[in-house]
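Shown next, in structure tokens, is the structure this report addresses.
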Amino acid sequence: MKDISLRAGGAAGDGIASVGEVFCRLFSRNGFYVFGHNGYQSVIRGGHVWFQARAGHDRVWSQGDGCDILYALDRATVEVHARALREGGVIVYDPEKFQVPSELVPAGTKAFPVPTLEFARKFSPQAILQNAAGMGACAALAGVPLATLDQVLTDQFRKKKDILEQNLGASKLGYEHAQREMGAIGRALPMKGGASKLLLSGNQAIALGAASAGLKFLAQYPMTPATSIMHWLADHAVDFDILVKQAEDELAAINMAIGASYAGVRAMTATSGGGFSLMVEALGLAGMTETPLVVVEAQRSGPSTGLPTKTEQGDLNMMLGASQGEFPRVILAPGSASAAFRATRRSFELAEEFQTPVLLATDLFLSEDLHSVDREELPLDYDPPSLFQVPEPTDGSNGYKRYLLTPSGVSPRAIPGQKGLNFVAGSDEHDESGHLISDVNAGIPMFIELRKKMMEKRMRKLQGIVQATAPPKLEGPAKAEVTLVGWGSTALAVRDAMRLLEERGIAVNYLNVEQPYPLHTEPIARMLKEAKRPVLVEQNFSGQLGRLIRAETGIDLPVKLLKYDGEPLYPWEIVGKVLEVSGRVAS
Amino acid sequence: MSLASAPPKTAGPALKVVYKSQTKPTWCPGCGDYGVVASVERAVASLQIPPHEVMVVSGIGCSSNLPHFLSSYGFHGLHGRAMPVAEGARLANHGMHVIVTGGDGDGWGIGLGHALHAMRRNLDLTYVVMDNEIYGLTTGQASPTSTLGQKTKSTPLGVIEEPVNPIALALAAGATYVARGFSGDPKHLSDLIAGGLKHRGFALVDVFSPCVTYNHLNTFDFFRQRVYKLENAGHDTGDLVKAFARAQEFGPKIPTGLFYRVDRPTYEDLEPALKAGPLLHQRAGIRGKDKVLDEFI
Ligand SMILES: Cc1ncc(C[n+]2csc(CCOP(=O)(O)OP(=O)(O)O)c2C)c(N)n1
Ligand code: SF4
Ligand SMILES: [Mg+2]
């Protein structure tokens, strides 16, 4: 498949992420699909950070393998990343800052000196302009018109008009220098044209999905990689009439969300595994009080504080088992930014319809990296359904049973403030009216029976959830040599790998489990039985989805590709595994 | 749909309201908490607030069963987590009167952090703590307010930690109405609770509510012999420094009544999202706001 990748690297504080965003927009503004991957560390200044922008005429799902233009702000970047250059690739560097010894330049690639500091000084003594010059050079090498770069920079410096002219000047010098001395590289793609793609992070898609689903209350405590959900919603709180509350900790965040939901508004909290560990008890509270709740669990490398800026899918076991006792829960794990938008809205619908907590599982890779979508993939024309299910009794009498035993397990929900429907929602076991059966009634025969009924009532919702939700789909050809099986963000690299394999004439499909719980057992079992060579692909050590599938279907998936080094999956890793299991290369 | 959104009704024709629940309290005979539930009932009744406009949120403990013994809306949550549930509920519908109830273990032990943060936010909540200086429901362990030297099941040789001082903590944390009542004086207590409900901002009413089963030190008699009323002692409730000084008294004389009251903007006043009224009544969703997508170009 035809794609081009620009990579920028340097120290934290060098502005690499904003260079990367500009790289992305150079292409998305020209109708390309883009993927932006931010490789960073848990420090604010120093350390090594890099950003890769990959673009293609067709959808690019991941950062891909390798790069074509490497913009190196320091020598370390050359040492770490030069080996990723593909045939015909170029290293852009400033010889005033450091030299690139020839042994670091891979065969078939070139080091291309650009006097970025010199260009920058023509406009201002500030070193920061060097990136403008560097970006100009990279844009020329990538075959992007200077006008696009001008436009992107103009938007970026919207609020800093005083330095815009200098930036445009420096970038033009860089651009013209590269055009004159080197010209566009061989892998440069013709400009595509057409409508600009939208470029957003998975977290922005989630935040947008939540707002469009009717979110009114977000309580959150900062934790990478969930934090940007709060940032984005806080920025839009006034426009969207949403209350964003930074809580004192995650215990407070989830309990606040439960309180708000109990009081009748759509509420959400978001965190990573560490914060979710603190939320566990309250998750059961939502289950027991039958309070709708959406919790975003953005996973990162564990255990414990782990690698805070690196990705992993290590929390499925925890999400499945979090909190004492048993209660119905839903776990959704979208496999793209637009799927994340849809899944967030669906989370609110399911939480509300079944009055129980829904976990939206994502991870650092999906949440923080930048994805291209078409505008139509983010439809905002949605009216959240009314929350009021119970009419107020005209006589004010209180015969209302909040926890009425019903065939579906779902009982009509009153909103506090409604007259004559007063009830107590309790974390203790209770009867249909909400009265305790945990104290003086516990163990009395009639209440033993009732406890059993209340348990069964709540757990019945799981059947309804399975029926109300779509079973997973097999992506790719119906008949395939290898069937990959995974969940969540794994879909991204898998889709790129499937295309690479298709180009080699190898048919592969993907069982994309976007709802790990409750699992659609029968269709999954059927698909797995029909699969010629199933391969489990997960970003954790033990194959947690595989274990769940075995528990639910009895089908073992012994062939696995498991990744837990903190880095995202690369398409070539999946391609390599497929070549190996299909007997094309020795294992 | 008559969902509460009105400010506290303090005047108007007397409503015939019933706050008593059909559920009879399950506390031990003689437990201090009976006086507290009666005082809460009396306070809301005196302010003519209809039961469906009241939400009572509690944690876990003997005392935290209180919402079940009232006929208002209630939420009986987790040990130590009543406060954030109440904060979320109040922010979702600030037309409701939200009362938080619980024990000393619940509020001054496991939930202390939440309590202090709610106070500094000055949310318009009324927090009634049934302080029996013991863990009742778990059968008599030391609580954060147990007395130095007190023998309990978990401290058979006596408590060796200084007790927390809820009144001083609340003053330091920025609560804007800080009071102490005694379950043995329900008339006085209900006035303090009503005062808290009328007050715009965070109101604490810490209540000596003896556990007759597990705390044989801090009994009704113990308090009856020691408590006095600040309003009879010429205390200036607008003076924070004097309030701190009174909060240190815990010996032969123990003050009850209102220690401190101040007017300060509430969280609800300052939160922009609430300008358009309770969140519950606002439009949800962002239909028509497609312009937001332009920022992703
Ligand atoms: C997370 C958690 N830890 C411990 C308990 C056990 N527990 C129940 S009530 C309680 C203490 C109650 O003391 P207090 O809040 O003072 O209430 P009281 O019973 O004295 O009114 C404890 C420790 C629990 N329910 N949840
Ligand atoms: S154990 Fe103590 S606090 Fe609990 S009900 Fe009995 S007297 Fe009251
Ligand atoms: Mg106690």
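The values are calculated or read from the model by the stated rules, or taken from the named source; none is laboratory data. Since this is a predicted model, take the numbers as computed values, not measurements. Backbone-built Cβ (ideal geometry, glycine too); neighbour counts: all protein chains shown. Ligands, DNA and RNA are stripped out before the accessible areas are found, and what is left, the full protein with its side chains, is counted by its heavy atoms. Shrake-Rupley method; radii C 1.70, N 1.55, O 1.52, S 1.80 Å.
Each semi-axis of the equivalent ellipsoid for segment A:446-517 is √(5λ) with λ an eigenvalue of the Cα gyration tensor; in descending order they amount to 42, 10, 8 Å.
Provide, as a two-decimal number, the C-alpha radius of gyration of chain B over 2.2 N^0.38 Å, N being how many residues it has. Against the empirical 2.2 N^0.38 Å value, I get 1.04 for chain B. For the protein assembly as shown, dividing the convex hull volume of the Cα atoms by the residue count gives 191 Å³ per residue. In segment A:168-200, burial by the other protein chains removes 40 Å² or more of 1.4 Å probe accessible surface, compared with the chain on its own, from A:Leu198. Using only the C-alpha atoms, the convex hull of segment B:202-259 corresponds to 92 Å³ per residue. Using only protein heavy atoms and a 1.4 Å probe, how much accessible area in total is buried between A and B, to the nearest 100 Å²? Buried: approximately 5400 Å² between B and A. Residues of segment A:1-46 whose accessible area (probe 1.4 Å, heavy atoms of protein chains only) drops by at least 20 Å² once all protein chains are present, relative to their chain alone: A:Arg25, A:Arg29. Panel note: contact residues of segment A:253-293 (accessible area lowered by at least 30 Å² against the chain on its own; 1.4 Å probe) correspond to A:Asn255, A:Met256, A:Gly259, A:Tyr262, A:Ala263, A:Val265, A:Glu281, A:Leu285.
Over all directions, the projected convex hull of the C-alpha atoms in segment B:148-297 averages 15.0 nm² in area. Normalising by residue count, segment A:200-377 has a Cα convex hull of 96 Å³ per residue.
The tail of the calculated P(r) for segment B:78-131, taken as Cα-Cα distances beyond 13 Å, holds 52 percent of the pairs.
For segment B:107-201, what is the Kirkwood hydrodynamic radius in Å, using each pair of distinct C-alpha atoms? When all Cα pairs of segment B:107-201 are included, the Kirkwood radius is 14.5 Å. Computed over segment A:388-469, the range of Cα coordinates on each principal axis works out to 40, 36, 18 Å, biggest value leading. The separation of segment A:483-505 from segment B:224-272, counted between C-alpha centres, amounts to 67 Å. Normalise the Debye intensity by I(0) for segment A:474-581, one equal point scatterer per Cα, no solvent, then take log10 at q = 0.09, 0.19 Å⁻¹ and round to two decimals. At q = 0.09, 0.19 Å⁻¹ the computed log10 ratios are -0.19, -0.91. Counting Cβ atoms of other protein chains within 10 Å of each residue's Cβ and taking the mean over peptide A:423-433 gives 5. Cross-link reach is defined here as a Cα-Cα straight distance under 17 Å, omitting same-chain residues fewer than 8 places apart; for A:Lys310 the aspartates and glutamates meeting it are A:Glu297, A:Asp363, A:Glu368, A:Asp369, A:Glu538, A:Asp565, A:Glu567.
Take the Cα of A:Asp383, step 7 Å toward its Cβ, do the same at A:Lys110, and the gap between the two points is 6.2 nm.
Compared with the dominant principal axis of the Cα atoms in chain A, helix A:544-553 is inclined by about 40°.
Can you tell me which of B:114-120, B:91-97, B:237-243 comes out highest on packing, and rank the rest after it, using the mean Cβ neighbours within 10 Å?
Packing proxy ranking, top to bottom: B:91-97, B:114-120, B:237-243.
The order of the peptides A:379-389, A:575-585 by mean Cβ neighbours within 10 Å, most packed first, is A:575-585, A:379-389. On a full-extension model of 0.36 nm per residue, what is the gain between A:Val585 and A:Met182, subtracting their alpha-carbon distance, rounded to one decimal in nm? Value of the extension gain: 141.2 nm.
Seen against the Cα atoms of chain B and their longest principal axis, helix B:82-92 is set at about 20 degrees.
Packing-wise, with mean Cβ within 10 Å as the measure, how do B:43-49, A:414-420, A:179-185, A:488-494 rank, highest first?
Ranking, from highest mean packing down: A:488-494, A:414-420, B:43-49, A:179-185.
In plain terms, the C-alpha convex hull of segment A:175-285 casts an average shadow of 11.2 nm² when viewed from every direction. For peptide A:366-375, the mean count of partner chain Cβ atoms within 10 Å of a residue's Cβ comes to 1. Reducing segment A:310-346 and segment A:395-445 to their Cα centroids gives an inter-centroid distance of 29 Å. Report in % the part of the accessible area of chain A that belongs to carbon and sulfur, leaving out ligands and nucleic acids; probe 1.4 Å. After summing per-atom areas, the C and S share lands at 53 percent. Across the accessible surface of segment B:188-297, with the other protein chains kept in place and a 1.4 Å probe, carbon and sulfur atoms take up 54 percent.
Placing a label point 7 Å from the Cα of B:Ile297 along the Cα-to-Cβ direction, the residues of segment A:200-221 whose backbone N falls under 16 Å of that point are A:200. In this structure the protein assembly as shown gives 37 Å² per residue of accessible area when probed at 1.4 Å with all protein chains present.
The simple spin-label model puts a point 7 Å past each Cα toward its Cβ; for A:Lys2 and A:Ser433 those points are separated by 7.4 nm. Output the 0 to 90 degree angle, nearest 10, between the alpha-carbon long axis of helix A:521-530 and the longest principal axis computed from the alpha carbons of chain A. Between the helix axis and the principal axis of chain A, the angle is about 50 degrees.
Could you pull out the pairs from B:Lys151/B:Lys253; A:Lys473/A:Lys563; A:Lys419/B:Lys24; A:Lys197/A:Lys563 whose alpha carbons sit more than 28 Å apart here? Table pairs above 28 Å Cα-Cα are A:Lys197/A:Lys563.
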